[in-house]
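Input: a single structure, listed below in structure tokens.
None of the figures in this text is laboratory data; all of them are computed from the coordinates on show. All figures in this text were calculated on a predicted structure; none of them were measured in a lab. Because the Cβ atoms are built from the backbone with ideal geometry, glycine has one as well, and the counts that use them run over all protein chains shown.
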Amino acid sequence: MQTKTRINTGVAAAGALVLMLTGCAGSSADTDASSLTIGTMTVPQSLDPAEAMGSAMPYFQAVYDTLVKREPDGGYTPMLATEWTYDESLTELTLTLREDVTFDDGTPFDAEAVRANLERFRDGGGGQAQTMALLEEVEVVDDTTVVLHLEQPNPAMVFYLSDAAGLMANPAAFDGDSLTTDPDGTGPYELDQDRTAVGTTWVYTRADGYWGEDLPYDEVSINLFDNENAIVNGVRTGQINAALLQDVDQQAVAESDEKVETQPQDIDYQGIILFDRDGHIAPELAEPEVRQAINHAVDRETMLEQLRDGQGETTSQIFGPQTDAYDPELDTYYDHDPERARELLADAGYPDGFALTLPRMSEIVSDPLATSLQSDLADVGIDLTWDNLDSGSALNSIFTEQAYPGMVMNNAQPAEDWVTTVELVLPGTFNFFGTTDETVQDLTHTIQTSPDGEAADQARELNRHLVEQGWFVPFYRMTFLHVSDGTVDVEPQSGMAVPALYNYAPAE
Amino acid sequence: MLSFILRRLGSGLLLLVVISALAYLLLSLPGTDVGRHVLGPAVPQQAVDAHNAALGLDRPVAVRYLDWLTSALQGDLGRSWYTSEDVSRALANRLPVTVSLMVGVTLVTAVVSFVLGVWAGVRRGAVDRAVQTVSVLGYALPGFLVTLVLVLVFAVRLGWFPAVGYTPLSQSPSGWLATVTLPILSLSVAGIAGVSQQVRSSVIEVMGRDYVRTLRSRGLPASRVVFRHVLRSAATPGLTVLGMQFVGLLGGAVIVEQIFGLPGIGAMTVQYTTRGDIPVIMGVVMVTVIGVILTNLLVDVLVGWLNPKARVS
């Protein structure tokens, strides 16, 4: 919820970029190649890992290591944990830890520290309480071995340990709230308190005696902006070395400047989540035909062309191309067919259409999007009313009061399909009315209890079932643009909008 | 004079308390579920309730305000609900940025508009018409347009100045100058247009007065008449307008701060107000009110010093 449009994004660790820059940094750190300045619009609530969110990971990766490292292609490699293995029941995950790691104050990083961190995430009520909800017990076997006992298998556990829930802080700093502004991890950098102005600029300098391979930059700054226009200007003039652009107009400006290097990546998708598939608030939505009709009514091609300058790809599925569940055929499952939509509505018993009210936060639903959806739906007889909400009260009325049958959202498409399944399909976060059916139950059960990759067919089947049942109305995957001033090579992170801090290196 | 200043400071303090109470009450009205907003949709309600309780949001507004006031009087403005940043520290970080702009803009505006205004008012004729035309143009041009053009030309195309960012004066004076020059220029345009018109018309008015005619008829050099006598009386309206503009910059610099990515008070106000981050907004409100009170006082003192007649009224 930090970036203007993203509600949840995971982020991750990635490839080891080994570039030993010898030479002393000294204090003259202006614009030499050994410093990196990243422009962003994402702000972390604090630098305490208990409050970390995926989209803010670079702030944390500078000072904390994760248990597991996530490579740019989505694969996992050792970091603080050198090995991880499941038992046959998939409810015991054994981690072997590195031996030579200490926190800044000399406290060793060991199994006890892992236990303290994971239990704190689970019990702390912060962002990761949900990801660690199935964690029953953390058993310390010896200093370098720890076993995570799970209530039920969790196919996304290793993903989480490579994400925010894998960030390991010094347990000695758990008392009080010092971690919020004074992070204490085992990572490659330290926060330079004197030059950091929280809310504006975060400056990180190399940590002495980092256990791992040094990252290529002596110094990393993350600069927060509240608009992409400033970011683009900064990249064009070299004050910012790298950034991610979501806005198509700013993307076009960046692309028109030959000094700026650009790299497109399709990440988040935009669409309607229909929460109320059992018809608690909007009885019409209980009929699959109605949900299908909405899907057929939406003119995805025109929307993509008009709203995002054609930058993206239309789709009817919520799972991203990196997942097992993804099926290219489902990108075109619902074509724009108002005729068919009217038939479906008539079949469902609503030949004259019906009225639908959705919440609208202007950060997500722009004027053109609001108008476009309204006219597409009106064309088949559905009278769409927008309730304008400010972002302060919106979450409250949508998630706490559960006052709306659906909402337009931008969602990430993480490379791990179980993450999407937990958030969007299983009863819970975005399925708060708890809709399910036998097919969904059977398939999710199989996927949850199968070893990694062995339930790929079931994942695809689940995806198809959800599309056929019209649980969601996805519009398109949006193309985001990685931009740099030409001095930095950025490797995009699979399934994530924000590249890991490890993915930056001086341009060759 | 001293009792005048003390009286003004006393009423200023009262104003500060009244405004803080009003602001706190108004900010508490919308009823944002802060915990839900901070923790996100995924978190169970009890965690949200716990978070709200930890922030003290389960207590009545009056109690919360008194708590805030007590800590504020002891110099503790609390922490941001959303970024955990210490409010005093955040203000201390951002105030120099905005103050740099305000002082810079005021100096540039004062110098240029007094020069232009006096020149036009004394010379009249073609000079006057030229200055008037330029003023109207400067006033009519939308501020953000001027700013964007300045950025595109002098930063992006010519590369003379950085397009974004701020270098503190203490870190590098030349870097500081480079980062504030364009923002100051763009904010000065409208100000110069307004103040120079004020100065011009007062100069014309004073020039027509009897005592000026007498002075001139005695053969005093024109420059001496203008600088010793005319300017002294003519400066008052210009100074008043300048003071108002100075105060306006506290909030008026928002767009410029956004375009240049300057971490000032204006940009901060927008960011935190939309999220309903009361501790931070209260901090901004306090700083703004104090700024307004001090500026008005300074202008009054300055005007009184220049023009003894004003002291009597």
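General remarks:
- Mean sequence separation of contacting Cα pairs (under 8 Å, at least six apart), scaled by the length of the stretch A:267-479, corresponds to a relative contact order of 40 percent.
- The modelled label-to-label distance for the pair A:Glu508/A:Thr145, using points 7 Å beyond Cα in the direction of Cβ, is 4.3 nm.
- In the stretch B:214-313, trypsin sites (Lys or Arg not before Pro) in a DSSP loop with at most 10 other beta-carbon atoms within 10 Å: B:Arg218
- Gap separating the Cα centres of the stretch A:101-161 and the stretch A:433-508, nearest whole Å: 24 Å
- Summing +1 for each Lys or Arg and -1 for each Asp or Glu among the other residues whose beta-carbon sits under 13 angstrom from that of B:Arg200 gives +1.
- Counting only alpha carbon atoms, the long axis of helix B:2-28 and the longest principal axis of chain B meet at about 40°.
- Rounded to 10°, Cα long-axis angle of helix B:173-207 versus longest principal axis of chain B: 50 degrees
- Compactness of the stretch A:173-250 as Cα Rg over 2.2 N^0.38 Å, two decimals: 1.33
- Net charge over other residues, Cβ less than 12 angstrom from the Cβ of B:Ile265 (K, R count +1; D, E count -1): 0
- Alpha-carbon spread of the protein assembly as shown, three principal axes, descending order, Å: 109, 71, 58
- Pairwise Cα separations in the stretch B:1-127 fall into 10 Å bins from 0 onward with the following percentages, short to long: 10, 23, 26, 18, 12, 8, 3, 0.
- A:Thr439-A:Lys259 FRET efficiency (beta carbon distance; Förster radius 56 Å; 0.05 resolution): 0.60
- Its DSSP H runs of at least 4 residues, each contributing -39,500 (n - 2.57), put the calculated 222 nm mean residue ellipticity of chain A at -6500 deg cm²/dmol, to the nearest 500.
- Hydrodynamic analysis of the stretch A:267-479 uses the Kirkwood radius over alpha carbon pairs. Inserted into Stokes-Einstein at 10 °C and 1.306 mPa s, it gives a translational diffusion coefficient of 92 µm²/s.
- Contact order for chain A, expressed relative to its length and based on alpha carbon pairs under 8 Å spaced 6+ residues apart, stands at 22 percent.
- Spatial separation of Cα centroids for the stretch A:244-322 and the stretch B:32-67, in angstrom: 33 Å
- Helix-only CD estimate at 222 nm, as mean residue ellipticity for chain B, using -39500 (n - 2.57) per DSSP H run (n ≥ 4): -25000 deg cm²/dmol
- When restricted to Cα atoms, the stretch A:422-498 yields an Rg and a Dmax of 17.1, 54 Å, respectively.
- The relative contact order of chain B, computed from alpha carbon pairs under 8 Å that lie at least 6 residues apart in sequence, is 24 percent.
- Annotation: the antiparallel percentage among DSSP beta bridges lying fully within the protein assembly as shown is about 80.
- For the stretch B:94-241, average projected area of the Cα convex hull in nm²: 10.5 nm²
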